[in-house]
Amino acid sequence: LYLAKKIGILPKGAKCINLFSDPRLYLIKNKIKFDFKKFRPGRYSFLKRKLQIEAINSLDGAICVGGYSASLLKEVRKDIKIGIVLPLIERKVVLDSISSKLNQNNILSVISGPDYHYKGLDFLIGVFQEVSKLNPRSKLFVVGPGWDNFKKKIQNNKIIFLGKKNDREIVDVMNNSSLYCHFGRGEALGIAVLEAMAKGLPCIVSNETGAKEYVRKI
């Protein structure tokens, strides 16, 4: 849309509005980008970052998923008009069947890979290793696809990668957990955090994910 507007392809008076629902704004702010070839965070391309900022400055408005994305956008461009939308929990039948007794020593995180920096899995594992020293009975369950390469580096049989699970299987893991953790970096608003909270599973999240708005209210 930015290029089309620049070279005059768009009809006269057309408005350009972008939906921000990914970590792009966070990456632009922090000048980092995950390098999938080297499988680690790297430096954001100077040229690409400059072009994206210019594209943002050309927008007529924006739709942001959650208030966190909106606050990041305001750091790039203060005068932009923003509409905020929120994700909805759709799996009502599944959620109704969750009934954790909160007496387990297990931590749960439902996240998809392979970008461990974006999902904060590196930080979560670092924290869990300290937790397991204090409580040897504790376990960390990671539900979600895309972690095959990452889990090869983990030498801890208390960190269990369960892969992709259906709704019923996720419920079973939730019922055997007492805490939900998500330490994402730049995630707009993780729906899994809201699902866990909806059924009373205590949550700890980072201050760099949109779910913090709701955890803070509780």
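Check segment 175-195 and report whether any residue there is among the basic types (K, R) and either in contact with a Gly (Cβ under 6 Å, 6 or more places away or on another chain) or modelled with pLDDT of 90 or more (or both). Yes. Among residues of segment 7-30 being basic (K, R) and assigned to a loop (DSSP other than H, G, I, E, B), the one that is nearest to R77 (Cα to Cα) is K15.
The C-beta contact set for segment 37-63 (first residue in contact (Cβ under 8 Å) with a residue 40 or more places away in the chain and under 15 Å from L73 (Cβ atoms), second residue of a type outside the set (A, V, I, L, M, F, W, C) and open to solvent by 90 Å² or more (accessible area, probe 1.4 Å), distance under 7 angstrom, 6+ apart or interchain) comprises D60/K15; G61/K15; G61/K81.
Per-residue answers, yes or no, for (1) over 14 Å from the mean Cα position of the chain (by Cα); (2) in contact (Cβ under 8 Å) with a residue 24 or more places away in the chain; (3) closer than 29 Å to L19 by Cα:
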position: K139; (1), (2), (3): yes, yes, no
position: P145; (1), (2), (3): yes, yes, yes
position: K152; (1), (2), (3): yes, no, no
position: R185; (1), (2), (3): no, yes, yes
position: N207; (1), (2), (3): no, no, yes
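Only one entry in S132, S109, S69 is outside any loop (DSSP other than H, G, I, E, B), farther than 25 Å from G190 by Cα and in contact (Cβ under 8 Å) with a residue 12 or more places away in the chain, namely S132. Looking across K38, K78, K50, one residue alone is charged (D, E, K, R) and not in a loop (DSSP other than H, G, I, E, B). It is K50.
For segment 154-169, a residue qualifies if it is in a helix (DSSP H, G or I) and under 14 Å from N106 (Cα atoms), but none of them does.
Reported count of residues in segment 186-202, each being crowded, with 22+ Cβ neighbours inside 10 Å and outside any helix (DSSP H, G or I), is 5.
Taking the residues in segment 110-140 that are touching a helix residue (DSSP H, G or I) at 6+ places or on another chain (Cβ under 6 Å) and crowded, with 20+ Cβ neighbours inside 10 Å as candidates, determine which candidate is nearest to M197 (Cα to Cα). The extreme case among them is V110. Residue selection: L95 fails the criterion of being loosely packed, with under 13 Cβ neighbours inside 10 Å, modelled with pLDDT under 90 and closer than 30 Å to M197 by Cα.
The values are calculated or read from the model by the stated rules, or taken from the named source; none is laboratory data. Since the structure is predicted, the reported quantities are computational estimates derived from the model, not experimental observations. Heads up, the Cβs are rebuilt from the backbone with ideal geometry, glycines too, and the neighbour counts pull from every protein chain shown. Surface accessibility is based on the protein's heavy atoms, side chains included, excluding ligands, DNA and RNA. Shrake-Rupley method; radii C 1.70, N 1.55, O 1.52, S 1.80 Å.
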